[in-house]
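Chemist: Mind having a look at this structure? Questions to follow.
The values are calculated or read from the model by the stated rules, or taken from the named source; none is laboratory data. It should be emphasised that the depicted structure is a prediction, and the values quoted were computed from it without experimental measurement. FYI the Cβ positions are ideal-geometry reconstructions off the backbone, even for glycines, and counts take in every protein chain you see. The accessibility values were calculated without ligands, DNA or RNA, using every heavy atom of the protein model including side chains. Shrake-Rupley method; radii C 1.70, N 1.55, O 1.52, S 1.80 Å.
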Amino acid sequence: METDLGPKTQAVPQTALGPRRLPAFTIPDTELGMGASLGNSAVWINTKSTGAIERVSPIKCPESLFGTIIIRYAGTGVPLSDGWLGPAHAAGSSYVGVRPDNNVRTFEIHPACQRVTFTIVGAVRVVETTFVPLLSEDTEAQDDPPIAYQSILLHNADVYQHNLRITAYARLRGSTIADIQARYDERCNAIVAWNRGDRRSLRIFAMLPKAMRYSTTFDFGSVYDPSHVHALTNTTDVEGDILGCLQTDITLEPGAVHECCLKAGAFVGVDEAQALDTFCDSLASDVALQRTIEHLDERVHFTEIVAPDALINQGALWSKVNMRRVMATYPQGRAFTNDPGNTPNLVVRDAAWFIFGNDYFMPEFSRSLLKKLIGIQYRNGKMPEYTDAITGKIEDDGLNINDDTPLFILAAHHHFQATGDKAWLQEAYPAVARAARYILSQRDKRGLIFCNATDPRGYVWAIASWRNIIPLYTINGAVTEINAECAAALRAAAELAAQTDDHGADGPEFSAGYQSLRDAINSHLINPENGLFYLNIDAEGNVHTDVTGDEVFPVIFRVCDDETAFRIISRLNAPDFWTPAGLRTASRVDPLYDPSHYSGLMGGVWPGLTWWYAFAAAPYHPEFMVRALRSSFEHYGTDPKKNNTVPGQFSEWFDGESLTNKGMRLSPWEPPRFLWAAVEGVCGLTLTSGVPCINPLIPLEWSWVGLRRLRYHGGELSYFMIRKGTISQIYTTAQVESDSEMQLFSRDVTDDLAVFSASAAAIALAKENEFAILVGNMGDQTSTIPMNLSRLVDANTNYMVRLFNSERGAWEEPEEELGSELSTLALSIESKGFRLLNLARI
């Protein structure tokens, strides 16, 4: 039975409430240049624009163990061509390959899977669903199997019977050397393959129900030969760069359905018997997919943005999907790496920024990352650049200081304020203090943090910045970005010291260090010619006046005054920086501008930089913030074949001119920055060690915004803000600090509210005898929005009903209604407007 994935419309924002459902993008394969990337704690896969799996990479190994896995279909019939019939026909073979009708497939990009639908032979509908199971709730345990699933459903809508042959081919070498040996295992009904010299890196390839035939072969041409689909030989004698093949023949009567499944297991570091036991005991595909959907359905609805802009809401949801895909269990512990499936490096910078967003999604994983970072800290307090998540090797790129050390402190500070866990802080604080004192030890005579690294090899060992992979380039000496981060880190360390039981005396030391460094930054690093910051004053004393995207850091970390911050935000909003896909790293008229090379760090568009800018712009130009949040995420779904993107998937960087993706298909460090900027920018959350501070930073044309199920201090918080002219009100499920008037409720009951409109967003809060329900219209025109409140109200109870109309800016006359009359309602709401429905039991 085909697993129901939920709504199947293109680019559906997650706003249709009721029973929570996950959204999906639907798109023809003619508009895709590649398929989705999927991962769990044990395995990573990429897919092609045909729906085929491109590679399967186990987390414990830096190689892929499978290359392409492709499914081929054949129907009965003898081809007639040039009067020649091959020997297969002489032997009685009568199957010929069939392609999708009109050579068109439809992709459904879903948080849990990729589903490809097409028809063959004019009447048989084929549905191929590719996924990896997400089953683990405990982030310290590896419960996800290293198995990729491809389920196949065929439905014969014809009045004729169809005889079909299904053959699956897997390149068993992957990216390893060409010495593959294989055998067929009768117990698991699977091909088992390995490299001649390594029996503990195993591929297990099966078709369920049991394949009728199997083989291994060098005959790659047979995969796409349009004429002949031979019966497999049931032999596995060949060795080398071979294909593993599985085959079954079926007869589909009119109206009949056939289902089967391919499983590709990539096992590393276990013996064959253990791998076969795990593989054979793995869940059936329908059960595994349903559990994966349920897992994501629960997880991604934490910290749900509810805003008038559907793209921002959608981006926040997909950011969590992308984050979940990269969370893995490596030999060195729970982590993600800077290029899943390709490299095993956990970069400290990336981990820190990941924590900023992930604290609102899966803070248990943030805790695991921080544990790992503390474990690799040098004894003097410095943080390395990266660690190998497989071997444990660490590397500092020859830098005495860069952004890794201050970002570690800032990530620890963020995590403590998000979780409120003082027991954890007591354990983590000594590492924070060591890092803070190391920062203080790196000041020069001006009081600035100074990177003294040079790079005789001309590669990256003299770049202290996040833009650290630019050959023949340096960013050393007193770097504005690093100084801003270090100042903020010292301020954060002082705040953390004050929250500990026995380290409060450290606070004044770090606080004084922060203030003196802030003063030095503003004394020495501001360019008097334009009031912006220098890029750096290098190790030789040369002043670099380059204006780049790095100007955002003094604003993000609050080390400059408002006038300077405003000037920076305005300057970066200029056409030489802005594109429809987001912010360029360097000005288009900079002599060093190169939009296509150096990983886009000299003029390409990085979504993560765009979202840094969004956060920085929020207090000064909320409308710039909204544009920045929208732009890069929207670009992922705009002409994906041309732009080399996948809708909903956060790719790495775009060419600064063509705006095509030239980086990773799915970048682990971009999604958390989006969520962080949306939560702390749009939704106005400021973390504290106590009650949160909430002052949404929204543009003038917005009159409402909300946030549901925010993970905070071990619990959940939901709230929304509405503007009534010059007055704003916060409705919240917990005590908060705010400049707005506050109405306190006890719980979020939105899941009991059904709203039947793709253009609607809603939050419902309740207390003992009262409900407050916000319904907003995200659409560009007035909409009538039906709702069902039957799970909220008591049919036999009377309610006083009050309705605030944002278009009129006033409350309607209150009315008394019986609950049964309120179970179904419809509200007409202007574009971007809202209605606030207040129900009080009488």
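Chemist: Please verify whether PRO508 is in a helix (DSSP H, G or I) and open to solvent by 60 Å² or more (accessible area, probe 1.4 Å), treating the condition exactly as stated.
Modeler: Against the criterion (in a helix (DSSP H, G or I) and open to solvent by 60 Å² or more (accessible area, probe 1.4 Å)), PRO508 qualifies.
Chemist: While we're here: Of the residues that make up segment 462-485, is at least one at pLDDT 95 or above, more than 30 Å from ALA423 (Cβ to Cβ), open to solvent by 40 Å² or more (accessible area, probe 1.4 Å) and over 34 Å from the mean Cα position of the chain (by Cα)?
Modeler: no
Chemist: Looking at segment 313-324 only, could you name the residues that are touching a strand residue (DSSP E or B) at 6+ places or on another chain (Cβ under 6 Å) and buried (at least 24 other Cβ atoms within 10 Å of the Cβ)? Explain how you work it out, then say what you get.
Modeler: First, the residues of segment 313-324 that are touching a strand residue (DSSP E or B) at 6+ places or on another chain (Cβ under 6 Å): 313, 316.
Passing the criteria: only ALA316.
Chemist: With respect to the numbered conditions (1) open to solvent by less than 10 Å² (accessible area, probe 1.4 Å); (2) within 15 Å of PHE553 (Cβ to Cβ), which one is the sole condition not fulfilled by TRP606?
Modeler: Tallying (1) open to solvent by less than 10 Å² (accessible area, probe 1.4 Å); (2) within 15 Å of PHE553 (Cβ to Cβ), TRP606 fails exactly one: (1).
Chemist: Restricting attention to segment 535-550, which residues are touching a strand residue (DSSP E or B) at 6+ places or on another chain (Cβ under 6 Å) and not small (Gly, Ala, Ser)?
Modeler: LEU535, ASN536, ILE537, ASP538, VAL543, HIS544, THR548 - these are the residues of segment 535-550 that are touching a strand residue (DSSP E or B) at 6+ places or on another chain (Cβ under 6 Å) and not small (Gly, Ala, Ser).
Chemist: State the number of residues belonging to segment 250-305 that are open to solvent by 10 Å² or more (accessible area, probe 1.4 Å), assigned to a helix (DSSP H, G or I), touching a Ser or Thr at 6+ places or on another chain (Cβ under 8 Å) and not β-branched (Val, Ile, Thr).
Modeler: The qualifying residues number 3.
Chemist: Just to be sure I understand the filter: pairs with C-beta atoms under 9 Å, separated by 6 or more residues or on different chains, first member in segment 615-635 and open to solvent by less than 30 Å² (accessible area, probe 1.4 Å), second member outside any helix (DSSP H, G or I) and charged (D, E, K, R). Which pairs pass?
Modeler: VAL626/ASP309; LEU629/ASP309
Chemist: Further, regarding this structure: Here is a check on your reading of the model: is ALA352 free of Cβ contacts under 8 Å to residues at least 60 places away in the same chain, under 20 Å from PRO607 (Cβ atoms) and open to solvent by less than 10 Å² (accessible area, probe 1.4 Å)? Don't jump to the end; show me each part of the working.
Modeler: Working: free of Cβ contacts under 8 Å to residues at least 60 places away in the same chain: yes; under 20 Å from PRO607 (Cβ atoms): yes; open to solvent by less than 10 Å² (accessible area, probe 1.4 Å): yes.
Criteria met by ALA352.
Chemist: Please go through segment 564-593 and give me each residue that is in contact (Cβ under 8 Å) with a residue 24 or more places away in the chain, over 25 Å from the mean Cα position of the chain (by Cα) and surrounded by fewer than 16 Cβ atoms within 10 Å (Cβ to Cβ), ordered by number.
Modeler: SER570, LEU592
Chemist: Can you say whether SER599 is modelled with pLDDT under 95, among the small types (Gly, Ala, Ser), over 15 Å from ILE568 (Cα atoms) and not in a loop (DSSP other than H, G, I, E, B), as far as the supplied structure shows? Before the answer, list the steps.
Modeler: Numbers: modelled with pLDDT under 95: no; among the small types (Gly, Ala, Ser): yes; over 15 Å from ILE568 (Cα atoms): yes; not in a loop (DSSP other than H, G, I, E, B): yes.
Criteria not met by SER599.
Chemist: Would you please name the residue that is nearest to GLU304 (Cα to Cα), looking only at residues in segment 665-716 that are part of a strand (DSSP E or B), open to solvent by 10 Å² or more (accessible area, probe 1.4 Å) and in contact (Cβ under 8 Å) with a residue 40 or more places away in the chain? Before you say what the answer is, go through the steps one by one.
Modeler: Taking segment 665-716 and keeping what is part of a strand (DSSP E or B), we get 685-686, 693-694, 704-712, 715-716.
Imposing the further condition that a residue be open to solvent by 10 Å² or more (accessible area, probe 1.4 Å) reduces the set to 686, 693, 709, 711-712, 715-716.
When the remaining residues are screened for being in contact (Cβ under 8 Å) with a residue 40 or more places away in the chain, the result is 693, 709, 711-712, 716.
On the way: CYS693: 18, ARG709: 7, ARG711: 10, TYR712: 13, GLU716: 11 Å.
Checked segment 665-716; the qualifying residue nearest to GLU304 (Cα to Cα) is ARG709.
Chemist: Out of all the residues in segment 828-837, is one or more surrounded by fewer than 18 Cβ atoms within 10 Å (Cβ to Cβ), of a type outside the set (A, V, I, L, M) and within 20 Å of LEU717 (Cα to Cα)?
Modeler: There is no residue in segment 828-837 that is surrounded by fewer than 18 Cβ atoms within 10 Å (Cβ to Cβ), of a type outside the set (A, V, I, L, M) and within 20 Å of LEU717 (Cα to Cα).
Chemist: Right, another one. Please report, ordered by residue number, the strands (runs of 3 or more DSSP E) entirely within segment 99-217 with at least 1 residues that are within 29 Å of the chain's Cα centre (by Cα) and under 30 Å from ALA335 (Cα atoms).
Modeler: Per the criteria, 106-110, 113-120, 124-131, 147-156, 162-171, 198-208.
Chemist: On the basis of being within 22 Å of CYS113 (Cα to Cα) and either touching a Phe, Trp or Tyr at 6+ places or on another chain (Cβ under 7 Å) or surrounded by fewer than 22 Cβ atoms within 10 Å (Cβ to Cβ) (or both), does THR638 make the cut? Before you say what the answer is, go through the steps one by one.
Modeler: Details: within 22 Å of CYS113 (Cα to Cα): yes; either touching a Phe, Trp or Tyr at 6+ places or on another chain (Cβ under 7 Å) or surrounded by fewer than 22 Cβ atoms within 10 Å (Cβ to Cβ) (or both): yes.
Spelling it out, THR638 is indeed within 22 Å of CYS113 (Cα to Cα) and either touching a Phe, Trp or Tyr at 6+ places or on another chain (Cβ under 7 Å) or surrounded by fewer than 22 Cβ atoms within 10 Å (Cβ to Cβ) (or both).
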